[in-house]
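K.L.:
I'd like to ask some things about the structure below.
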Amino acid sequence: MLAPYAAGLALLVFAPAAATVALAFTEWDAISPPRWVGLANLRELWGHEPFHKALTNSLVFAAVAVPARLALALGLALLLHRPGRRVGLARTVALLPTAVPEVAYGLLWLWLFNPLAGPVNRALTVGGGNGLTAWGALPPQWLTMPTPARAAIIIMSVFTVGELFVLLLAARRVLPAEVYELAAVEGAGRWQVFRRVTLPLVAPVLGLLALRDTVLSFQVSFTPALVVTDGGPPQGATTYLSLFVYRTGFEYLRHGFAAAATVVVLLLTAAAVAAQWWLLGRYRSRYVP
């Protein structure tokens, strides 16, 4: 019964991964035959400034976006887990950004973050004068300055938490009601209930979702960076590893060099997953009977 899935996994995942690793040790422009260069691509990556910038951008994105996405999804799950009026509508609204095609979603945010006429900056200047915000500062120059552009990409990713929200909503709804009744009898407040009851019980699910989202963080930044900021501004400010690999391979036709960068992404992902899996194991051995 597992044979179809195993065959698909082998053909669509393991075989391309093996081909990419092999290609990382070659120089290939997709026209002439691949030429074996050994570790030359990896040595070049070591001193390649655009790769360093893309690596830093990706690590910062993962470090900020993953916790923010998990926190928002958990907050929505705790807010909307009880049946009530319009709760179903609110859950649908939380899911909608995930259902929008990525390119259309990026173009929508391109309009929202327009520094001159975008709704975001118009809202920020309400209560201010002469184009200033209510606290007397200029509104962020989204998509035209490096730091606001990176923040814009993170904000775009934070709203696409539909899958995380659904999984955490399911995890919250299956928690035993008796535990909360006991906490109410003992006079625990909302913060105490969250910290002592809810968070420990959903922590294993949060850990697994953190693993998943860390892996996806190296991929989900591709479309926003390509469609909204084009990797800038200036050049490279929002170039992440996924966009770096795409441009190196398909625009500059250095497929071997792009494959070497992909191998580095694979190793970073494996290291991040191993670290989080170790932390999850420590938690389970300490708190789970």
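K.L.:
Of the conditions (1) open to solvent by 40 Å² or more (accessible area, probe 1.4 Å); (2) farther than 21 Å from V166 by Cα; (3) in a helix (DSSP H, G or I), L79 fails just one. Which one is it?
P.N.:
Condition (2) is where L79 drops out.
K.L.:
Which of the residues that make up region 12-40 are of a type in the set (V, I, T) and surrounded by 12 or more Cβ atoms within 10 Å (Cβ to Cβ)?
P.N.:
T20, V21, T26, V37
K.L.:
Moving on. Out of (1) open to solvent by less than 30 Å² (accessible area, probe 1.4 Å); (2) within 25 Å of G232 (Cα to Cα), the odd one out for G162 is which?
P.N.:
(2)
K.L.:
Could you grab me the full set of residues in region 225-250 that are under 25 Å from V161 (Cβ atoms), open to solvent by less than 20 Å² (accessible area, probe 1.4 Å) and not in a loop (DSSP other than H, G, I, E, B)?
P.N.:
Across region 225-250, the qualifying residues are A225, V228, T229, L241, L243.
K.L.:
Moving on to the next point. Taking only region 208-224 into account, find how many residues are open to solvent by 30 Å² or more (accessible area, probe 1.4 Å) and farther than 20 Å from Q276 by Cβ.
P.N.:
1
K.L.:
Answer yes if at least one residue in region 200-207 is in a helix (DSSP H, G or I), of a type outside the set (A, V, I, L, M) and open to solvent by 60 Å² or more (accessible area, probe 1.4 Å), and no otherwise.
P.N.:
Scanning region 200-207 turns up no residue that is in a helix (DSSP H, G or I), of a type outside the set (A, V, I, L, M) and open to solvent by 60 Å² or more (accessible area, probe 1.4 Å).
K.L.:
Residues being open to solvent by 70 Å² or more (accessible area, probe 1.4 Å) and of a type in the set (S, T, N, Q): count how many of those fall in region 53-76.
P.N.:
1
K.L.:
Looking at L253, is it among the hydrophobic types (A, V, I, L, M, F, W, C), outside any helix (DSSP H, G or I) and more than 22 Å from V103 (Cβ to Cβ)?
P.N.:
In short, yes.
K.L.:
Now for a different question. Just to be sure I understand, how many residues within region 134-150 are at negative phi, free of Cβ contacts under 8 Å to residues at least 12 places away in the same chain and open to solvent by 40 Å² or more (accessible area, probe 1.4 Å)?
P.N.:
Residues flagged as at negative phi, free of Cβ contacts under 8 Å to residues at least 12 places away in the same chain and open to solvent by 40 Å² or more (accessible area, probe 1.4 Å) within region 134-150 amount to 4.
K.L.:
Residues being over 25 Å from the mean Cα position of the chain (by Cα), among the aliphatic types (A, V, I, L, M) and surrounded by 10 or more Cβ atoms within 10 Å (Cβ to Cβ): count how many of those fall in region 1-11.
P.N.:
Counting residues in region 1-11 that are over 25 Å from the mean Cα position of the chain (by Cα), among the aliphatic types (A, V, I, L, M) and surrounded by 10 or more Cβ atoms within 10 Å (Cβ to Cβ) gives 4.
K.L.:
Let me ask something else. Could you list, ordered by first residue, the pairs with Cβ atoms under 7 Å in which the first is in region 87-104 and under 17 Å from M156 (Cβ atoms) and the second is charged (D, E, K, R) and open to solvent by 50 Å² or more (accessible area, probe 1.4 Å), at least 6 apart or interchain?
P.N.:
Final answer for the pair search is T98/E163.
K.L.:
On the basis of being assigned to a helix (DSSP H, G or I) and aromatic (F, W, Y), does W142 make the cut?
P.N.:
no
K.L.:
Could I ask something else about it? Give me the pairs: first residue in region 218-243 and more than 16 Å from V158 (Cβ to Cβ), second residue among the basic types (K, R), beta-carbon distance under 7 Å, and six or more apart or on different chains, which are they?
P.N.:
If the second residue must be among the basic types (K, R), the pairs left are G236/K53; A237/R150; T239/K53.
K.L.:
Hey, another quick one. Filter region 90-133 for residues that are part of a helix (DSSP H, G or I) and either in contact with a Gly (Cβ under 6 Å, 6 or more places away or on another chain) or at positive phi (or both) and give the result.
P.N.:
L95, T98, L112 - these are the residues of region 90-133 that are part of a helix (DSSP H, G or I) and either in contact with a Gly (Cβ under 6 Å, 6 or more places away or on another chain) or at positive phi (or both).
K.L.:
Might you let me know whether region 177-195 holds any residue that is hydroxyl-bearing (S, T, Y), open to solvent by 40 Å² or more (accessible area, probe 1.4 Å) and under 30 Å from Y283 (Cβ atoms)?
P.N.:
Yes, some residue in region 177-195 is hydroxyl-bearing (S, T, Y), open to solvent by 40 Å² or more (accessible area, probe 1.4 Å) and under 30 Å from Y283 (Cβ atoms).
K.L.:
Out of all the residues in region 36-47, is one or more among the small types (G, A, S) and assigned to a loop (DSSP other than H, G, I, E, B)?
P.N.:
Checked against the condition, which is being among the small types (G, A, S) and assigned to a loop (DSSP other than H, G, I, E, B), region 36-47 yields at least one hit.
K.L.:
Let me ask you something else. Any residue at all in region 256-279 that is buried (at least 20 other Cβ atoms within 10 Å of the Cβ) and under 29 Å from Q141 (Cβ atoms)?
P.N.:
Within region 256-279 (the criterion being buried (at least 20 other Cβ atoms within 10 Å of the Cβ) and under 29 Å from Q141 (Cβ atoms)), the answer is no, since none of the residues qualifies.
K.L.:
If you check P50 against the conditions, is it open to solvent by 40 Å² or more (accessible area, probe 1.4 Å) and assigned to a helix (DSSP H, G or I)?
P.N.:
Answer is yes for this residue.
The values are calculated or read from the model by the stated rules, or taken from the named source; none is laboratory data. Predicted model, so just to flag it, every value in this text is computed and none were measured. Cβ: placed from backbone, ideal geometry, glycine included. Neighbour counts: every protein chain shown. Accessible surface areas use protein heavy atoms only, side chains included; no ligands, DNA or RNA. Shrake-Rupley method; radii C 1.70, N 1.55, O 1.52, S 1.80 Å.
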